[in-house]
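Down below is the structure, laid out as structure tokens.
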Ligand code: CMX
């Protein structure tokens, strides 16, 4: 076995025993109450999942294995001369629960380099789609084409012992993470750079090489990719992309099938696609107002108009967070350090001043503050990446780190098929009339 796999197995063996013991001793304890409103309204606040990799606090934001984003920026290994964390380090932390050393991270970089081969039929499958196809559709189709490589699917078909599920899921997850930057860069160059593809650079880290394959050699952009790939990686288990990957994986669909399903969820405008919507919305505002740097008053008017049209203000609000997203703040810090005078970045900051009071005044929005997607596009545009339809693919490449590390844990814990109970309106009415108390099967 490889070094990381050994380490994971060691941890998983201990944790699996602990989980069994917790269940044996405390399995009948109540963890909360469920209100009818929650059943109707997106199951908000119902604790129904165990996800090891990260935990979201409504006030503080995300913590990965207990570490906040600023802490990770200090503690995780960096690229030579760089100051942003390497996403390899975050993956290591999420997977084995320990901060990695420089050597651990270098090892992971070389493992992913070794596993990054993408078979030709995957590129041919992408080429079969019209070039106008949305990059997220191309991305998901490519992941599905890669499914021919699944070790889990092959081993399961040949007869796999339950105890060994985690092993094949681990290998598929590592292969898939290693391959995604090549696939994503291929889609980018195909769609926007006349199909002039760039070979990987074996000397670069995972995110640096991704930047290189997309055609961005600026050190600032490589640093941005390292930060971007780190902060978008995971947001505990209930968000659409993480939950979908987990749910589909619970049917023992292999990691390629499970992750592709998660990416279809990420492609929704209320989730990951919001990052393209934000820049599209700002570009349209600038176009309509005829200025690169709209004033605060102009922004306020534009926001009100957006709301009057029955649209959401993209990049604002969150199902769990109740404060400014620390992922927004981390990007704001990056902007202050690298491009404080950029008019688009300044516009994002002006929007940050203008929007929350307006959303708050509506009286129905639980969180008027910006989320991760409010900032990311402006930083990318600064380095020349204006093709905003591609942004959710970047989010998706990063999200693979968290959801696939979690999938390894799901199989190591032997979690069963996920199958919550649903009810009909007729049954709700009977229950309200006191005529039916029986909800379960
Ligand atoms: N602009 C306008 N209205 C908003 C809003 C926004 N940014 N955020 C919430 N609302 C509205 C909701 O649509 C809802 O309206 P109705 O009662 O008329 O249906 C009301 O305020 C209450 O919503 P909520 O409980 O505060 O928010 P939800 O948990 O239902 O939804 C989210 C959360 C993210 C879908 C929502 O805030 C939103 O649509 N934001 C804009 C899209 C966005 O930025 N998504 C990215 C989230 C981060 C990510 O996953 O990447």
Quick one: residue 91 ticks every box in (1) farther than 30 Å from residue 67 by Cα; (2) part of a helix (DSSP H, G or I); (3) touching a residue at least 40 places away in the same chain (Cβ under 8 Å) bar one, so which box is it?
-> (1)
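In the range 354-441, which helices (runs of 4 or more DSSP H) lie fully inside it and hold 3 or more residues that are within 16 Å of the ligand (Cβ to nearest atom)? So that I can check it myself, show each step before the final result.
Details: elements: 373-382, 391-413, 425-432.
The helices (runs of 4 or more DSSP H) meeting that bar are 373-382, 391-413.
Which count do you get for residues in the range 1-51 that are under 30 Å from residue 429 (Cα atoms) and in a helix (DSSP H, G or I)?
We begin by selecting, within the range 1-51, every residue under 30 Å from residue 429 (Cα atoms); these are 28-49.
Of the ones still in play, those that are also in a helix (DSSP H, G or I) are 36-40.
Looking only at that region, the number is 5.
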Are any residues in the range 254-271 within 12 Å of the chain's Cα centre (by Cα) and within 9 Å of the ligand (Cβ to nearest atom), and if so, which ones?
-> 266, 271
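Listed here are the residues, each with its yes/no results for (1) within 11 Å of the ligand (Cβ to nearest atom); (2) within 29 Å of the chain's Cα centre (by Cα); (3) in contact (Cβ under 8 Å) with a residue 40 or more places away in the chain.
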| site | (1), (2), (3) |
| --- | --- |
| 282 | no, yes, yes |
| 288 | no, no, no |
| 292 | no, no, yes |
| 314 | yes, yes, yes |
| 330 | no, yes, yes |
| 342 | no, yes, yes |
| 345 | no, yes, no |
Would you pick out the residues in the range 269-285 that are part of a helix (DSSP H, G or I) and either at positive phi or crowded, with 20+ Cβ neighbours inside 10 Å (or both)?
-> 274, 275, 276, 277, 278, 279, 281, 282, 285
Within the range 185-200, can you find the residues that are over 25 Å from the mean Cα position of the chain (by Cα) and under 22 Å from residue 106 (Cβ atoms)?
-> 199
For residue 58, are the conditions met, namely being more than 19 Å from the chain's Cα centre (by Cα), farther than 16 Å from residue 402 by Cα and surrounded by fewer than 22 Cβ atoms within 10 Å (Cβ to Cβ)?
-> no
Using beta carbons and a limit of 7 Å, which pairs, at least six apart or on different chains, have the first residue in the range 248-270 and free of Cβ contacts under 8 Å to residues at least 40 places away in the same chain and under 30 Å from residue 313 (Cβ atoms) and the second one outside any loop (DSSP other than H, G, I, E, B) and within 16 Å of the ligand (Cβ to nearest atom)?
-> 261/244; 261/245; 265/240; 265/241; 265/244; 268/240
Lone unmet requirement of (1) more than 10 Å from the ligand (Cβ to nearest atom); (2) in contact with a strand residue (DSSP E or B) (Cβ under 9 Å, 6 or more places away or on another chain); (3) part of a helix (DSSP H, G or I) for residue 324 | (3)
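Readers should treat all values here as calculations from the given coordinates under stated rules, not as data from a laboratory. Everything numeric in this text was worked out from a predicted model, so none of it was measured. Glycine gets a Cβ as well: all are built from the backbone with ideal geometry, and neighbour counts include every protein chain shown.
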